[in-house]
Each structure stands twice: as structure tokens, then as C-alpha cells.
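What follows is a short report on a single structure.
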Amino acid sequence: VTGVSENTLFGMGNPLLDISAVVDKDFLDKFGLKPNDQILAEDKHKPLFEEIIKRNNVEYHAGGSTQNSVKIAQWMIQEPHKVATFFGCIGTDRFGEILKTKAAEAHVDAYYYEQNQEPTGTCAACITGENRSLVANLAAANCYKKEKHLDLDGNWELVKKAKVYYIAGFFLTVSPESILKVAKHASDNNKIFCLNLSAPFISQFFKEPLMKVMPYVDILFGNETEAATFAKELGFETDDIAEIAKKTQNLPKENDKRQRVVVFTQGKDDTVATKVTMFPVLDIDQNDIVDTNGAGDAFVGGFLSALVQDQVLEECIRAGHYAANVIIQRVGCTFPERPEYH
């Protein structure tokens, strides 16, 4: 790929080891889970992790929303390696070692903040049919410290090298001050800062840090459920996704050299993007869907791969749809060796 150099794309988030298994409704009911949701683990979910590991069909994958997206962006780009930098916090343990190995295999330039107070974070993906209920136990991911990692000269130099920044909303629960520092840097230097609404609970319970970052957001991602929750929290008084996108686009913005772009995916329905345009997703036989875990992250990853190559919005969305289409036909957020994308 021409014109893309190392560390052009910067991601920061919660590195988690995904533990996925097919479960039944009784399992969901036992732990009070909805079939399609994303939550943070509470004490009552501790036994869930012990139980899911004992299942015979369990799979482990390097995950965490942001890390998934930059990994997929790197996969779409292929060469050069290490286009994507990733920051996050892990523990000094076996799961942490697996994450390091997986990041290296994916050619992502991962700089983890390692600490031994908490074990590496995990995310249980409880799969029923084509639904997935995600329960994240942040553990070490929650221990990211701005002054101990992001602020270090060598690390900040890597941030400055990037042209495009992407952080999932999940990281608002961990280090909003780190997000703000990166977002302001992007805005002050007319670079592109992207954020994801990530889950309904972010808009509901972390609205204040979310709205502090919003003026710096050049591209906002979300799905239809997250968009609806966001609209409700902001009192938009509409449930029309295109209308919500428009209102979100018009929220106050610091860097007026770039108009904010809002991109809301709707599963198998058209993706809505401001300049309000509807983009049909790729047709797929519902029977070919193995698991939708990671579809949203994959969409963003594909989108970012085109964005760092200065492609227009239409191309970014096309690349996003392609990546999501590949991922939903596989277990977890995994992909074949090379993309067949032109």
C-alpha cells in the first residue's frame, strides 16, 4: 500500500483476552444476561468465567474492541507491518503473554503498560445462535495510567507519529484523561480523531466524560441501539437513525476545519452516514453467519484501513462492510490470512 507508514494509525483501549463459547438460554438466565449485550462484569459474574472456561468448545482470541479494530485495519492493509500502534494495560501473566504473542502475529505495534496488581483482562463471549452476550472483566485493563505510560516521552512520540486516532468508548470507563490528551492533540494538529459509542451503558453512565471528548470527535461510530440510547440521553426526541446522525453531527466541535462524520451501522440493514447517505451492506445468506461477535469492531477496522489511505467516505464504508462480512462468517474476531478485497 502506498503512502502508509509505520504507526500512522493509533489505537488505545482495553486489551482483553476473549474467551468465547456457545452456551444455552439457561446459562444466560443463570447470570442474568441478555442474548445481545455488552456489560462490565460484577461480582455475581465471577463464577461465569470459571464455568465458561470448563466448557469443551471454548476458544481464546486476543480481543478488546479497539485492539480488534486496529488488528483488522492492519490485516486489510497487509504491508507495511506495524501501521497500527496500540496502547493498553495488561498483567504480567499467561493471558498477558498470549496477548503479546497475538498482537505480534497480527503485526500490530503494541506497547502495553504492564503491572502486577491485577491479572490481564478477559471478556466472556456467550454465544447463543447468532447472538452474543459479552461480559468484560477489565481487571488489568482498568489500571492504565496516563502519567505512567501515555505521558512518557518515548510513548508520546509514537502518538505524535500518527495521523488517525481511534478509541472505543469503553476506554471512557478507564482513563478519560488519556483520551482527552490524545483527542486534543489530534484536534490541535488537524489530524483525525475517531470514537465509538461502543455500548448503551457508556452513554447512560459515562455521559459526562463522553460529552467532554465529543467536541474533538471527527468521526463517531456506533450501531443502531447505541445511537438510540445516545439520542435518549441527549434528549434528541427522535428514534430515526438518520435524524440522530444529523443531530450528532451538529453537536459543538473544536476543529472547524473538519466537519464531523457520524457512521451508524444497523446489522443487516443499511449503514447510515452523515451527508445523510444510506450504504447497503453486502448480501449474505443468514445461514452463513457463524457469530456476529466482533462485527462492529471489524467494520471500524476496515473503515480505518481505507481512512489512513486518504480514501473518501464511500470507500471507507465499503472497506468496513467487507471486513464485517468476513468476520461474521468465522468464530470470534478472526480472519483468513489475506483479504480478497479490491
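The values are calculated or read from the model by the stated rules, or taken from the named source; none is laboratory data. Since we're looking at a predicted model, the values are computed, not measured. Positions of Cβ are backbone-derived with ideal geometry, glycine not excepted, and every protein chain shown enters the neighbour counts. Ligands, DNA and RNA are excluded from the accessible area calculation, which covers all protein heavy atoms including side chains. Shrake-Rupley method; radii C 1.70, N 1.55, O 1.52, S 1.80 Å.
Highest mean first, how do 213-219, 105-111, 3-9, 21-27 rank when packing is the count of other Cβ atoms within 10 Å averaged over residues?
Listed from highest to lowest mean packing, they are 213-219, 105-111, 3-9, 21-27.
Post the alpha-carbon centroid distance, the range 188-213 to the range 76-115, in whole angstrom.
So the separation of the two Cα centres works out to 23 Å.
If each residue of separation counts as 0.36 nm, what is the full-extension length gain between ASP310 and GLN117 once their alpha-carbon separation is subtracted?
Using 0.36 nm per residue and subtracting the Cα-Cα distance, I get 65.3 nm.
What FRET efficiency comes out for the pair LYS148/ASP285, r = Cβ-Cβ distance, R0 = 41 Å, nearest 0.05?
For LYS148 and ASP285, the calculated efficiency is 0.25.
At 0.36 nm per residue, and after removing the present C-alpha to C-alpha distance, how many nm does the segment from ALA104 to LYS30 gain when stretched out fully? Working shown, then result.
Details: separation 74, 0.36 × 74 = 26.64 nm, distance 3.72 nm.
This chain segment gains 22.9 nm when fully extended.
I'd like to check one number: the per residue accessible area of the chain, probe 1.4 Å, reported in Å² as a whole number. Write down the numbers at each step before the final one.
On the way: 14660 Å² over 342 residues.
So the chain comes to 43 Å² accessible per residue, rounded to a whole number.
So, with +1 on the Cβ of K and R and -1 on the Cβ of D and E, and no other charges, what is the size of the charge dipole of the range 102-164 about its Cα centre, to the nearest 20 debye?
180 debye
For the range 298-337 and the range 158-186, what is the centre-to-centre distance using only Cα atoms, to the nearest Å?
Comparing the Cα centres of the range 298-337 and the range 158-186, I get a distance of 21 Å.
Please report the carbon-and-sulfur percent of the accessible area for the range 62-115; probe 1.4 Å, protein heavy atoms only, DNA, RNA and ligands left out.
51 percent
Separation between the ASN56 and ASP239 pseudo-spin-labels, each 7 Å from Cα along Cα→Cβ, expressed in nm?
Roughly 4.4 nm, to one decimal.
Over all directions, how big on average is the projection of the convex hull of the alpha-carbon atoms in the range 43-134, in square nanometres?
Taking the Cα atoms of the range 43-134, their convex hull projects to 7.1 nm² on average.
Only four residue types carry charge here, +1 at the Cβ of Lys and Arg and -1 at the Cβ of Asp and Glu. Report the dipole size of the range 18-85 about the Cα centre in Debye, rounded to the nearest 20.
The dipole magnitude comes to about 120 debye.
Pop out the carbon and sulfur fraction of the accessible area of the range 116-199 as a percent, whole number, probe 1.4 Å.
Accessible surface attributable to carbon and sulfur in the range 116-199 totals 46 percent.
Leaving out ligands, DNA and RNA, what percent of the accessible area of the range 13-56 is carbon and sulfur, probe 1.4 Å?
51 percent
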